[in-house]
Amino acid sequence: MILFLIGAAIAVSLIKDMLGAIIVFMVYSLIMAILWEQLNAPDLAITEAAVGAGVTTILFVISLKRIRGMKR
């Protein structure tokens, strides 16, 4: 899991497509939530899943949509 987490962190910085980077970031946050759960920290796991994978991803996608709309 940790190797996959490190790979996702590196992939986010190397991916040129913004939507792809957002999706990989969401996967990174979900993996972190799973790791927090395995470390017996359910409060951090729920927070990471809700904020990291949920709210942040939605805000990134909305921002990307607006930026692409402004370019047109």
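General observations
- Within the chain: Cβ-based charge dipole about Cα centre, in debye rounded to nearest 20 (Lys, Arg +1; Asp, Glu -1): 680 debye
- Per residue, in Å², the accessible surface of the chain once ligands and nucleic acids are set aside, probe 1.4 Å: 73 Å²
- When the alpha-carbon atoms of the chain are used, the pair Rg, Dmax equals 13.6, 48 angstrom.
- Whole-Hz couplings from phi, Karplus 6.51/-1.76/1.60, listed for the stretch 52-68; x for Gly and Pro: x, 8, x, 5, 4, 5, 4, 5, 4, 5, 5, 4, 4, 5, 5, 5, 5
- With every protein chain in place, the chain: carbon and sulfur % of accessible area (1.4 Å): 73 percent
- The HN-Hα couplings worked out from phi for the stretch 2-7 by the Karplus form 6.51 cos²θ - 1.76 cosθ + 1.60 (θ = phi - 60°) are 5, 5, 5, 5, 5, x Hz, whole numbers, x standing for Gly and Pro.
- For the chain, the longest principal axis of the alpha carbon atoms and the long axis of helix 18-38 meet at an angle near 10°.
The values are calculated or read from the model by the stated rules, or taken from the named source; none is laboratory data. What you see is a predicted model; the values in this text were computed from it and never measured. A quick note on method: Cβ atoms are made from the backbone with ideal geometry, for glycine too, and the neighbour counts reach across all protein chains shown. Areas reflect the complete protein model, heavy atoms only, side chains present, ligands, DNA and RNA absent. Shrake-Rupley method; radii C 1.70, N 1.55, O 1.52, S 1.80 Å.
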